[in-house]
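Below is one structure, written out as structure tokens; comments come after it.
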Amino acid sequence: LDWGMCQAIGEITPLPPVLPPPPENNAVRLYADDGEMYEQEGKIVASGNVILQRGEQVLKTDLATYLKNQEVVDAEGSFTFWDKQFIISGSRAKLLPNHQGEMQDVHYWLLNRRGRGQATSLQRENENNAKLQQTTYTTCDPSSEVWRLKASNVHLNQETGRGSANNVVINILNIPVFYSPYLSFPIDDRRLSGFLPPSMGSSDEVGIEFSIPYYLNLAPNYDATITPRLMSKRGVLLGTEFRYLLENSGGQIEWEYLPNDRTADEDRSLLKIRHSGMVVPSLYTDIVYDEVSDDRYFRELGDNLTISSTTHLEQRGDLRFFGNGWNVLGRLQRYQSLDTNPATRPYERLPQIVLSSDLPERNKQLNVQGQMELVNFERSYNEAPVGNRYDFKSTLSFPWRTASGFVVPSAILRHTRYDLTQLPDESVSALRDHPSRSTYTLMMDTGLFFDREVNWFNRYLLHTLEPRLFYRYTPYEYQEDIPIFDTAEYDLSFGQLFRDNRFIGADRVDDGHQLTAALTTRFVDQATGLENLRVSVGQIYYFADREVVLPSELWNTDSTSDIVAELSSQFNARLSGSATMLWNPNSNNTELSIWRLRYRPNTDSLYNFSYRLRENRLEQTDISWRFPLSSQWRSLGRWNYSLDARKDLEVFLGLEYESCCWAIRGVARRYLNTIEGDYLHGFFLEVELKGLGGFGKKADAFLEDNIVGYDDRF
Amino acid sequence: TDKDQPINITAEQATIDDIKGIAIYEGNVVVTQGTIRIEADKVTLTYTKKQTLDKVILDGNPARFKQRPDNSTEDLNAKAEKMEYFATENRLQLTQNAEVWQGKDTFTGQRITYDTERGIIKANQKVQVTIQPRQQSPSKAPAN
Amino acid sequence: CGFQLRGTIGYPMKTAYLQSENANRITTEVTRLLQDNGVTVTNKSEDAEIIVILRNEIIDRRVLSVSAITGRLEEIELNFRVELEVQNAKDKRVLQDKQVVSLLRDYSFDETAVLAKDTEEQVIKEDMFRDATAQVLRRLQMLKMPKSS
């Protein structure tokens, strides 16, 4: 917790008297104007500027009686007591041996947490435990006491670092805003069970909502957060998140349950499981399981565009064994599709087994890599073929790499066969129950590296020129008898220019006979090695038409591919940008054009601009920012506008105010949610009472998703 | 109690003036009465008309006083450059860097008066008392 | 125009010690490629001239854009990040202060080919991993070694 904006602690606490060093072995030294020692009773009565000093404790009062034998100090008049961890002043104090004591009408200051307040009485049971009655507690400066906690009694335990209070009322600007019969709060920085920032907000789908998370620090290696979320239009949703860390694995389980949603009048729930780690040496597991009770769960209960646009939830379990130079993956995978046409829902891999070699490439020698995949495709949609696929693929290459260039001839041999059922009638479809396919691919990848030193704005840069040619030939193979299980065309990108197949997935091998020509140039700052600018341009020349296509697509007869251009630059630590362009020379048409700029002048300010055009798919601009208006005010926001639909996709504006003991963050949001294209509005408020735990909707996660680079841990 | 014990005084030189009722002893003067023992450079005793002891003035560098109070286990010591003992009031008054101590507890102040009969020490102006903790008797840890 | 064929891949140091702080995969790959190019990677920092520290290798996945018509997912953005710092082994002086190698790639989502797009994402991640490794190696080639005592 950062108290940078507060008055120095010394300015708001009573200053201790200047004293010579205390006597050793815990003796008590008393200073006073007048003192009387009653020798028989072993009683000393001191009056007038009385100061008692023992070790680091100092008591200052006007009238004190000290009983030597019982070691009891009784300060009748007003007193101030200084200790290492806190300061207390009041009207009457009685100090007993081993740190016990009672004090009346008390003002107290907790030094390490800047907490302070008043109490009608205080009892110290031992060095670490104190009980206060009719207490107030705040961490604000006296000059601006924005919030104050009142409680009938408070128990402060320095040992566990935990404070707990009963009949708690929290006042903000003297207005009671929160009551709880019991509240626990941290009095030092240890991870501690207690309330996390409760949140408040409103949106069209859920109405007024209020949620208050409670964090349970169950053990050093597992904890849980329980968040009841009250929604006026829906009811009460109980969210639980359980995190655990085992010896060499760990994970997280989230479960949300909304019994009897008032609007949808059904029970709704969400389950999210993540687990990964080592089962036994060299055997690893990775589990991702998301499930919701109904298709509209995210649309109605999610609170931003990112969540509500989710269409598929992955349910996957992997087991991977690593041998020496090979590994084998066993996978079960299916998806829960939300609101999608059953005909296009993905197949389920129940199971998929992949045995593959992962030998490092050895230069100037024959390298052999192999991969064998067996997968059983299942589907609940009964008009789709299901069954097993066996795919054997081996790659031979003879890389010849030197400092000035590389020549890499390689060949792929592949055999794929299927055992299928649930096929449409043969008269109507080309699909067969046992199709198989053998293909080979020949490739030659060559490139050269040219360097020179240039001087730009008197910075020494290494300017490189890297031409590259990539030839590929795969003969045509009839494949209409093979259904499509997990295959589609890659997005065209600079990386795609050098792939061995136009398709991802084993159901289609592209009959490519083509040559890729590409050029990359880099400007590298010699001092830092930072790549200030990289530009890559490339294009494929087709020597033959591509007759292997996905069902219902035409042959591809273009003689060349789009020209692909990619630019990425990191001018310096503050400014970076990138651009990607696909330009179709035949139709002189820009298929894809993406520009992005990020300016981060200092840790507090951040600006992102981006323009995205994907031909007949989307054309959008996306601007997000965060910058300080003053040392205490900060503005943040995002405007995502669709140029082709000429409407906003998501707009949100936020203001953050932070001062010594509290911070408030308000965000207003408007985002496109449903097919009808109407807008949803939301507002949420996060108030953090520093030292007492925050109070407001968890804005960070949302902001992190929406402002690239927004990171609360700046 | 010490008050009823006989007083005896030793000194290098003594001048006694019965008429005025004054006796002055000088040079390593030692006065003892019961458990009381006083050492000083100069002791001046004055007597009332009825020959009873009125006041004793002690000067020393410093003058020292020691007494074992009734039902107490430790001697009470005092020193100061000037002490005055008012017999009728059983009051011993110490001035000029006066210090009183019993066992390891010490008591200092500009002016300290000691009521020898009721065992009360009073001090004023810049009082400083140092009290040693009682022997660390094993604190009665709650039997758990 | 001044361009010549690149001579040798010159690394300014003979020995290096690599330290990974949850960046194991890229550290292993950089170690292998350094050794292939004649740099001895020691297993004790004392025996090496420089200490290369790679931290927090992470791939973030984020919804980049949503369709204005259907309000559904259109593009996914992948961001590969790793932190690189190089210290002089003798006096722990920083030769190259902390830099972040950050790569951004995005691909279009297709509801009708979820499995294929999942595989494409893995392929893109592998490409980013190789590109990041190359950038780390290039920065090590550019290192200014201290005047060896």
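Couple of notes before you dig in:
- The residues on offer are C:Asp131, C:Asp106, and the sole one that is at pLDDT 85 or above, over 13 Å from the mean Cα position of the chain (by Cα) and of a type in the set (D, E, K, R) is C:Asp106.
- Residue match in the range C:87-110 (condition: among the acidic types (Asp, Glu), touching a residue at least 24 places away in the same chain (Cβ under 8 Å) and surrounded by fewer than 19 Cβ atoms within 10 Å (Cβ to Cβ)): no
Yes/no matrix, rows are residues, columns are (1) among the aromatic types (Phe, Trp, Tyr); (2) within 9 Å of chain A (Cβ to nearest Cβ); (3) closer than 17 Å to C:Ala16 by Cβ; (4) not in a strand (DSSP E or B):
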site: C:Val82; (1), (2), (3), (4): no, no, yes, no
site: C:Gln87; (1), (2), (3), (4): no, no, yes, no
site: C:Lys90; (1), (2), (3), (4): no, no, yes, yes
site: C:Gln99; (1), (2), (3), (4): no, yes, yes, no
site: C:Leu104; (1), (2), (3), (4): no, yes, no, no
site: C:Val114; (1), (2), (3), (4): no, yes, no, yes
site: C:Asp118; (1), (2), (3), (4): no, yes, no, yes
site: C:Ile124; (1), (2), (3), (4): no, yes, no, yes
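- Looking only at the range A:332-372, and only at residues there that are of a type in the set (A, V, I, L, M, F, W, C) and not in a strand (DSSP E or B), the one that is surrounded by the most Cβ atoms within 10 Å (Cβ to Cβ): A:Leu338
- Hey, A:Asn153 touching a residue at least 12 places away in the same chain (Cβ under 8 Å) and at negative phi or not: yes
- Identity of the residue in the range A:496-517, within 14 Å of another protein chain (Cβ to nearest Cβ) and among the small types (Gly, Ala, Ser), that ends up surrounded by the fewest Cβ atoms within 10 Å (Cβ to Cβ): A:Gly505
- Residue list for the range A:572-593, restricted to those being crowded, with 19+ Cβ neighbours inside 10 Å and among the hydrophobic types (A, V, I, L, M, F, W, C): A:Leu582, A:Leu592
- Listed by first and then second residue, the pairs linking a residue in the range A:84-107 that is buried (at least 16 other Cβ atoms within 10 Å of the Cβ) to a residue that is β-branched (Val, Ile, Thr) and assigned to a loop (DSSP other than H, G, I, E, B), with Cβ atoms under 8 Å apart and 6 or more places separating them unless they lie on different chains, are A:Ile87/A:Thr13.
- Subset of the range C:25-50 [surrounded by 20 or more Cβ atoms within 10 Å (Cβ to Cβ) and either under 18 Å from the mean Cα position of the chain (by Cα) or within 14 Å of chain A (Cβ to nearest Cβ) (or both)]: C:Ile26, C:Thr27, C:Val30, C:Leu34, C:Val39, C:Ile50
- Every test in (1) surrounded by 15 or more Cβ atoms within 10 Å (Cβ to Cβ); (2) facing another protein chain (nearest Cβ under 10 Å); (3) touching a Lys or Arg at 6+ places or on another chain (Cβ under 7 Å); (4) modelled with pLDDT under 85 is passed by A:Gln53 save one, and that test is (4).
- Filtered residue count, the range A:612-667, keeping only those that are of a type in the set (Gly, Ala, Ser) and either within 14 Å of another protein chain (Cβ to nearest Cβ) or farther than 17 Å from A:Glu686 by Cβ (or both): 5
- Checked against the criterion of being touching a Phe, Trp or Tyr at 6+ places or on another chain (Cβ under 8 Å) and either more than 12 Å from chain A (Cβ to nearest Cβ) or part of a loop (DSSP other than H, G, I, E, B) (or both), the candidates C:Ile76, C:Ile9, C:Ile58 yield just one match: C:Ile58.
- Looking only at the range A:78-123, and only at residues there that are in contact with a Pro (Cβ under 9 Å, 6 or more places away or on another chain) and more than 14 Å from chain B (Cβ to nearest Cβ), the one that is modelled with the lowest pLDDT: A:Arg113
- Scanning the range A:478-495 for residues that are closer than 23 Å to A:Ser429 by Cα and more than 9 Å from chain C (Cβ to nearest Cβ) yields A:Tyr478, A:Gln479, A:Glu480, A:Asp481, A:Ile482, A:Pro483.
- Residue count, the range A:645-664 (criterion: out of contact with any Ser or Thr (no Cβ under 9 Å at 6 or more places or on another chain) and surrounded by fewer than 16 Cβ atoms within 10 Å (Cβ to Cβ)): 3
- Of all residues assigned to the range A:424-446, at least one qualifies as being within 14 Å of chain C (Cβ to nearest Cβ) and either modelled with pLDDT under 95 or within 30 Å of C:Asn37 (Cβ to Cβ) (or both).
The values are calculated or read from the model by the stated rules, or taken from the named source; none is laboratory data. The model shown is predicted, which means the values in this text are computed figures rather than measured ones. No Cβ is skipped: glycine too gets one built from the backbone with ideal geometry, and neighbour counts run over all protein chains shown.
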